[in-house]
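Below: the structure, in structure tokens.
The values are calculated or read from the model by the stated rules, or taken from the named source; none is laboratory data. For clarity, every value in this text was computed on a predicted model and none was experimentally measured. Cβ coordinates were reconstructed from backbone atoms using ideal geometry, including for glycine residues, and neighbour counts include every protein chain displayed. When the accessible area is computed, the model is the full protein with side chains, heavy atoms only, and any ligands, DNA or RNA have been set aside. Shrake-Rupley method; radii C 1.70, N 1.55, O 1.52, S 1.80 Å.
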Amino acid sequence: MNLSYRKAEKEDADLLVQIYNEAFYDDYIRYGECPAYGRTREHMENSLEKYPKEIIYCDDKAVGVIAVEVLGNGEYYLGCLCVIPQYQGKGIGSRALEFMLDQYSDWKKITLITPADKEENVNFYTKKFAFKIDGTQMDGNVQLAHFVMER
């Protein structure tokens, strides 16, 4: 399995929407809402300005996205790490997060949010990468967990 990453450009908006819709469909069904699902091309183009995205390729097929907001002073917000369902469980997300940590080697603090009841996400971030949960909040009918990793 050969993984590579390519910086997303505005011309990639349709591809990004497709990846997000595949990756977040189950969340949309589970919660009845999901801000990452059903985005428009225009919304994705605007999102690219705030959250630079890397498209994750597995053997030349686009299978996921990692998006990071640079907050400054070694602080980063992981806005999205998603892999389409048929490629999940193969280490792609782990390798993408390691790629991100290498890209932003000056990191001191990384934060992110994910639904608190998604055990696979909670375990991924806490057990594989030593993130800590530092609080929760409600977003509509979804309880979100706030994660932080510091060094």
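If you check TYR37, TYR5, which single one turns out to be touching a residue at least 60 places away in the same chain (Cβ under 8 Å), touching an Asp or Glu at 6+ places or on another chain (Cβ under 7 Å), not in a helix (DSSP H, G or I) and not acidic (Asp, Glu)?
On the way: TYR37 fails: touching a residue at least 60 places away in the same chain (Cβ under 8 Å).
After applying the criteria, what remains is TYR5.
Could you list, in sequence order, the residues of segment 104-122 that are out of contact with any Leu (no Cβ under 9 Å at 6 or more places or on another chain) and either exposed (fewer than 14 other Cβ atoms within 10 Å of the Cβ) or part of a loop (DSSP other than H, G, I, E, B) (or both)?
TYR104, SER105, ASP106, LYS108, ASP117, LYS118, GLU119, GLU120
Would you tally the residues in segment 47-59 being open to solvent by 20 Å² or more (accessible area, probe 1.4 Å) and either in contact (Cβ under 8 Å) with a residue 40 or more places away in the chain or of a type in the set (Lys, Arg) (or both)?
Matching residues across segment 47-59 total 6.
Which of the residues spanning segment 79-105 are among the small types (Gly, Ala, Ser) and either in contact with a Gly (Cβ under 8 Å, 6 or more places away or on another chain) or farther than 15 Å from SER4 by Cβ (or both)?
Let us first name the residues in segment 79-105 that are among the small types (Gly, Ala, Ser), namely 79, 89, 91, 93-94, 96, 105.
The answer is GLY79, GLY89, GLY93, SER94, ALA96, SER105.
Pick out the one residue from TYR51, TYR57, TYR76, TYR37 that is of a type in the set (Ser, Thr, Tyr) and in contact with a Gly (Cβ under 6 Å, 6 or more places away or on another chain). Walk me through it before giving the result.
Values: TYR57 fails: in contact with a Gly (Cβ under 6 Å, 6 or more places away or on another chain); TYR76 fails: in contact with a Gly (Cβ under 6 Å, 6 or more places away or on another chain); TYR37 fails: in contact with a Gly (Cβ under 6 Å, 6 or more places away or on another chain).
After ruling out the rest, the residue left standing is TYR51.
Look through ILE19, ILE66, ILE29 and report the one residue that is farther than 21 Å from ASN123 by Cα, outside any loop (DSSP other than H, G, I, E, B), of a type in the set (Val, Ile, Thr) and in contact (Cβ under 8 Å) with a residue 40 or more places away in the chain.
Answer to the check: ILE19.
Here is a list: MET100, MET44. Which entry is touching a residue at least 24 places away in the same chain (Cβ under 8 Å), in a helix (DSSP H, G or I), open to solvent by less than 90 Å² (accessible area, probe 1.4 Å) and under 30 Å from ARG151 (Cα atoms)? So that I can check it myself, show each step before the final result.
On the way: MET44 fails: under 30 Å from ARG151 (Cα atoms).
Sole residue among the options that is touching a residue at least 24 places away in the same chain (Cβ under 8 Å), in a helix (DSSP H, G or I), open to solvent by less than 90 Å² (accessible area, probe 1.4 Å) and under 30 Å from ARG151 (Cα atoms): MET100.
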